Amino acid sequence: DAMVIQNPRYQVTQFGKPVTLSCSQTLNHNVMYWYQQKSSQAPKLLFHYYDKDFNNEADTPDNFQSRRPNTSFCFLDIRSPGLGDAAMYLCATSRGGQGVNYGYTFGSGTRLTVV
Amino acid sequence: RKEVEQDPGPFNVPEGATVAFNCTYSNSASQSFFWYRQDCRKEPKLLMSVYSSGNEDGRFTAQLNRASQYISLLIRDSKLSDSATYLCVVIAGAQKLVFGQGTRLTINP
């Protein structure tokens, strides 16, 4: 039944070692988002794709990259993880277009630990 | 100033009590408003949308005051299962959700 699936649920990576988090969706939504949520903080948008158009947030570090090879999949690449990148990473999707009901749907998140 | 501000709490209330949270937003062009609920170490889940006319869903009532740029959530007859963090969320163009810090609520037996 899960419509936005994130893998893995927990990821441990070494300091400086590239890591990729994945997200897939069965909703056929146009928009896919990546949020970073640190402990006791609000989710913070890193970037989003509207179809193939990539939209980076101004304050997202260059260390974070994203790829969307097709409608269903979106990846978050962290090129050189630092200790400060340990967080929950949330993938979300929405329909796009106008209107109030965007149909936002979140995945279960990937909790990243950097050692 | 943060785009969306909430009192982080924690709020500790007895079961059966009524509790209310407020949230303010800075962008007057904000279009859509929501309350999300987030349980510990889980993803946020939509609790309810917030409409200008106010809306109710069971024990939950949400209000929007555009003139003062604040949103409220009222929980009546609180249950132990209502313990969670409540996130105020605003959309202001480009369909991007902007989250408040969240208000942590604990319902005590």
Practice task
Out of the residues in region B:75-109 that are more than 14 Å from chain A (Cβ to nearest Cβ) and surrounded by fewer than 16 Cβ atoms within 10 Å (Cβ to Cβ), state the one that is nearest to residue B:32 (Cα to Cα).
Solution key: B:76
Exercise for the section: Kindly provide the set of residues from region A:79-115 that are closer than 16 Å to residue A:21 by Cβ and either facing chain B (nearest Cβ under 10 Å) or touching a helix residue (DSSP H, G or I) at 6+ places or on another chain (Cβ under 6 Å) (or both), ordered by number. Expected result: A:88, A:90, A:91, A:92, A:106, A:107, A:108, A:109, A:111, A:114
Exercise for the section: Just give me the residues in region A:1-31 being touching a Lys or Arg at 6+ places or on another chain (Cβ under 9 Å) and of a type in the set (D, E, K, R), in sequence order. Expected result: A:9
Handout entry: Filter result for residue B:80 (aliphatic (A, V, I, L, M), out of contact with any Lys or Arg (no Cβ under 6 Å at 6 or more places or on another chain), closer than 14 Å to residue B:14 by Cα and touching a residue at least 40 places away in the same chain (Cβ under 8 Å))
Key = yes
Handout entry: Breaking point among (1) touching a residue at least 40 places away in the same chain (Cβ under 8 Å); (2) within 14 Å of chain B (Cβ to nearest Cβ), for residue A:40
Key = (1)
Handout entry: region A:9-24: number of residues that are more than 12 Å from the chain's Cα centre (by Cα) and either closer than 19 Å to residue B:39 by Cβ or of a type outside the set (A, V, I, L, M, F, W, C) (or both)
Key = 8
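Residues are listed down the side, and each one gets a yes or a no for (1) surrounded by fewer than 15 Cβ atoms within 10 Å (Cβ to Cβ); (2) more than 11 Å from the chain's Cα centre (by Cα); (3) closer than 25 Å to residue B:50 by Cα:
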residue: A:63; (1), (2), (3): yes, yes, no
residue: A:77; (1), (2), (3): yes, no, no
residue: A:89; (1), (2), (3): no, no, no
residue: A:93; (1), (2), (3): no, no, yes
residue: A:105; (1), (2), (3): no, yes, yes
residue: A:110; (1), (2), (3): no, no, no
residue: A:115; (1), (2), (3): yes, yes, no
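Residue-wise test of (1) part of a strand (DSSP E or B); (2) in contact (Cβ under 8 Å) with a residue 24 or more places away in the chain; (3) surrounded by fewer than 16 Cβ atoms within 10 Å (Cβ to Cβ).
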residue	(1), (2), (3)
A:17	no, yes, yes
A:21	yes, yes, no
A:24	yes, yes, no
A:34	yes, yes, no
A:47	yes, no, no
A:54	yes, no, yes
Fill in the blank from the handout: All conditions in (1) among the charged types (D, E, K, R); (2) farther than 23 Å from residue A:41 by Cβ; (3) in contact with a strand residue (DSSP E or B) (Cβ under 8 Å, 6 or more places away or on another chain); (4) touching a residue at least 12 places away in the same chain (Cβ under 8 Å) are true of residue B:57 except (4)
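Working only within region A:69-115, note down all residues that are of a type in the set (D, E, K, R), in a loop (DSSP other than H, G, I, E, B) and modelled with pLDDT of 95 or more.
A:79
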Practice task
Please specify each residue of region B:2-51 satisfying the condition of being within 12 Å of the chain's Cα centre (by Cα), among the charged types (D, E, K, R) and surrounded by fewer than 19 Cβ atoms within 10 Å (Cβ to Cβ).
Solution key: B:5, B:7, B:45
Exercise for the section: Take region A:57-68 and flag every residue that is assigned to a loop (DSSP other than H, G, I, E, B) and either touching an Asp or Glu at 6+ places or on another chain (Cβ under 8 Å) or within 22 Å of residue B:43 (Cβ to Cβ) (or both). Expected result: A:57, A:60, A:63, A:68
Practice task
Return a yes/no flag: does region B:28-45 have any residue that is free of Cβ contacts under 8 Å to residues at least 40 places away in the same chain, within 11 Å of chain A (Cβ to nearest Cβ), within 16 Å of residue B:4 (Cα to Cα) and touching a strand residue (DSSP E or B) at 6+ places or on another chain (Cβ under 6 Å).
Solution key: no
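The values are calculated or read from the model by the stated rules, or taken from the named source; none is laboratory data. It should be emphasised that the depicted structure is a prediction, and the values quoted were computed from it without experimental measurement. Cβ coordinates were reconstructed from backbone atoms using ideal geometry, including for glycine residues, and neighbour counts include every protein chain displayed.
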